[in-house]
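Working notes, structure below.
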């Protein structure tokens, strides 16, 4: 598959399961730690896909920008105004220990920003400019919504991601340690990075 000819578009409901798989991969185990096994008979990807298919959810397909190559979904960016987080809906079906993980993450935020909740590009398509295009698209969305910054969480020991974000103007704003969970790929603190827009 030619990786140089990609395009960006808004997410649609039909993308839900593909976006869920990418979201789960990009979370480096976080979605498994929070949602894995939380709804009987559903995989983590199926739980996430249900959230994405819900047009009323801030994590719904309406919040996604999708990168495609030859009509195949290869990347995604889920972003929304930070003030729209509905924790009651977010925590529904979760045990207190799983809620705790989300509460820690949600306790570090950058007021007035467009929050990127998920940014993932399939391994085969990394290094092709898609991540940068998705980030620039998020900045344009922030400006369109009269927001003056963009923010994103990343694990502190995900050096490649931290380095990339810092190269394009993000700064580390805050950090907190998450409790240990065997599903997590990284063990370092969760960082909040933000970029103020001109």
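Any read-out appearing in this document is the output of simple, stated calculations on the displayed coordinates, not a laboratory observation. Being a predicted model, the structure only gives us computed values, none of them experimental. As a convention, Cβ positions derive from the backbone with ideal geometry for all residues, glycine included, and neighbour counts pool all protein chains shown.
The simple spin-label model puts a point 7 Å past each Cα toward its Cβ; for residue 56 and residue 70 those points are separated by 4.0 nm.
A helix-only calculation puts the chain at -10000 deg cm²/dmol for mean residue ellipticity at 222 nm, using -39500 (n - 2.57) for each DSSP H run of at least four residues, averaged over all residues.
Classification of the range 109-198 by its C-alpha gyration tensor yields an oblate form. The axis ratio a/c (a ≥ b ≥ c) is 1.5 or more, and b/c is at least a/b. Label-to-label distance, residue 137 versus residue 163, with points set 7 angstrom from Cα along the beta-carbon direction: 2.6 nm.
Report the relative contact order of the chain, percent, no decimals, based on alpha-carbon pairs under 8 angstrom and at least 6 residues apart.
Numbers: 350 pairs, mean separation 43.5, N = 198.
Computed value for the chain: 22 percent relative contact order.
Out of [x] 0.95; [y] 0.93; [z] 0.98, which label holds the value of Rg/Rh (Cα atoms, Kirkwood Rh) that was computed here? Of the labelled values, this structure produces [y]. Find the centroid of the Cα atoms in the range 96-152 and in the range 1-47, then give the distance between the two in whole Å. Cα centroid of the range 96-152 versus Cα centroid of the range 1-47: 15 Å apart. Once the chain from residue 187 to residue 10 is taken as fully extended at 0.36 nm per residue, the excess over their C-alpha distance is 60.4 nm.
Rounded, prolate or oblate: pick one for the range 116-159, where a ≥ b ≥ c are the square roots of the eigenvalues of its C-alpha gyration tensor, a/c under 1.5 means rounded, and failing that, prolate if a/b is larger than b/c, else oblate. Walk me through the numbers on the way to the answer.
Working: a/c = 2.99, a/b = 1.45, b/c = 2.06.
The shape class here is oblate.
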